[in-house]
Amino acid sequence: MNRPVSSRWIPWFVVCCIIGGLLVVFPPFRMVSLDLARENAQAQAFNPHRFAVEFWHKQLIKSFDNAFEAEKVFDAMRRDRKAAKEQYARVVGLGGPHHYFLKGAGKVITVGKREVELSLVGNDVDGVDVVLVISMIFGNEVLNATGLVSRSQFPRTNDFNAISAEVNKIVETEIVPGFLEKAEVGSIVYFVGCSLKISDDDPIPIPMRLVPVKLEVE
């Protein structure tokens with residue numbers, strides 16, 4: 001005996017009800033106002049300037065005490081460059097260039113538009129030991145030398161580079177101007193700085209070129 005025609009639709013009706021319920025609980029899409037969508041996109045957008053400022057004040061400044069004494073590193077480098085690198089340098093990547101994160105006190109030998117030369121305090125001869133790069137600063141020296149921010153933290157290399165550009169801008173606009181107002185030949189400068197990248201094939205890097213992140217004139 002055949003079932004009534006209407007009874008054959010009951011299973012389909014039940015299935016449709018179940019699917020409808022699932023769509024209500026787990027909608028495949030939702031309507032969002034254009035303004036709200038724009039606000040969400042802006043909130044999630046990467047902001048290298050904000051990241052750099054927070055990095056500077058929340059991480060970098062606190063790390064100054066962790067920098068190695070320049071005089072100690074230079075002495076070690078003159079004795080055994082390879083051993084000094086293993087003990088004091090930070091290597092970027094596998095077999096890549098390395099950087100030093102240094103602090104110390106030096107006497108100003110020359111003041112130029114792009115560089116300031118220092119002789120470490122305590123040296124018998126006023127030879128140049130450190131060259132502070134104070135203008136047209138490029139590269140990822142601060143991030144690489146400190147190791148506080150890694151390229152692997154970001155899905156795009158451009159984000160890492162953008163942060164470095166903002167950090168370099170802080171050096172040029174906030175650290176250097178006040179220093180140049182006071183610095184003159186013979187001044188004693190207390191510095192913390194990050195070396196430019198160094199290759200094992202380079203000559204011994206003394207005088208060492210540093211991007212300064214802290215400068216105080218006595």
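The values are calculated or read from the model by the stated rules, or taken from the named source; none is laboratory data. Being a predicted model, the structure only gives us computed values, none of them experimental. Reconstructed Cβ throughout: ideal geometry from the backbone, glycine too, with neighbour counts over all protein chains shown.
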Of all residues in the stretch 73-96, how many are under 19 Å from Arg209 (Cβ atoms) and within 25 Å of the chain's Cα centre (by Cα)?
10
Any residue in the stretch 41-50 that is out of contact with any strand residue (DSSP E or B) (no Cβ under 6 Å at 6 or more places or on another chain), on the phi < 0 side of the Ramachandran plot, assigned to a loop (DSSP other than H, G, I, E, B) and at pLDDT 95 or above?
yes
Counting just the residues of the stretch 64-90 that are of a type in the set (Asp, Glu) and in contact with a strand residue (DSSP E or B) (Cβ under 9 Å, 6 or more places away or on another chain), which one comes out surrounded by the fewest Cβ atoms within 10 Å (Cβ to Cβ)?
Asp65
Could you list all residues from the stretch 78-89 that are more than 27 Å from Gly186 (Cβ to Cβ) and part of a helix (DSSP H, G or I)?
Arg79, Arg81, Lys82, Ala83, Ala84, Lys85, Glu86, Gln87, Tyr88
Kindly check whether there is at least one residue in the stretch 136-154 that is more than 9 Å from the chain's Cα centre (by Cα), modelled with pLDDT under 95 and among the charged types (D, E, K, R).
no
Going by the conditions given, is Ser195 of a type in the set (Gly, Ala, Ser), in contact with a Phe, Trp or Tyr (Cβ under 9 Å, 6 or more places away or on another chain) and modelled with pLDDT of 95 or more?
yes
Could you check the stretch 146-185 and list, in sequence order, the residues that are surrounded by 14 or more Cβ atoms within 10 Å (Cβ to Cβ) and among the polar types (S, T, N, Q)?
Thr146, Asn161, Ser164, Asn168
Filter the stretch 51-81 down to residues that are free of Cβ contacts under 8 Å to residues at least 24 places away in the same chain and of a type in the set (Lys, Arg) and give me whichever is nearest to Pro203 (Cα to Cα).
Arg79
Restricting the stretch 119-134 to residues that are of a type in the set (D, E, K, R) and touching a strand residue (DSSP E or B) at 6+ places or on another chain (Cβ under 6 Å), the one surrounded by the most Cβ atoms within 10 Å (Cβ to Cβ) turns out to be Asp129
Helices (runs of 4 or more DSSP H) lying entirely in the stretch 90-203 (those with 3 or more residues that are under 23 Å from Pro48 (Cα atoms))
141-146, 157-170
Working carefully through the options Ile188, Ile198, find the one that is β-branched (Val, Ile, Thr), surrounded by fewer than 16 Cβ atoms within 10 Å (Cβ to Cβ) and either closer than 24 Å to Gly93 by Cβ or more than 18 Å from the chain's Cα centre (by Cα) (or both).
Ile188
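Output the residues belonging to the stretch 135-145 that are touching a strand residue (DSSP E or B) at 6+ places or on another chain (Cβ under 6 Å) and either hydrophobic (A, V, I, L, M, F, W, C) or surrounded by fewer than 22 Cβ atoms within 10 Å (Cβ to Cβ) (or both).
Restricting attention to the stretch 135-145, the residues satisfying the condition of being touching a strand residue (DSSP E or B) at 6+ places or on another chain (Cβ under 6 Å) are 137, 141-142, 144-145.
Scanning the stretch 135-145 gives Ile137, Val142, Ala145.
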Looking across the stretch 91-118 at residues that are basic (Lys, Arg) and within 17 Å of Pro207 (Cβ to Cβ), the single one that is surrounded by the fewest Cβ atoms within 10 Å (Cβ to Cβ) is Arg114
Val128 versus (1) at pLDDT 95 or above; (2) out of contact with any Pro (no Cβ under 9 Å at 6 or more places or on another chain): which is the lone unmet condition?
(2)
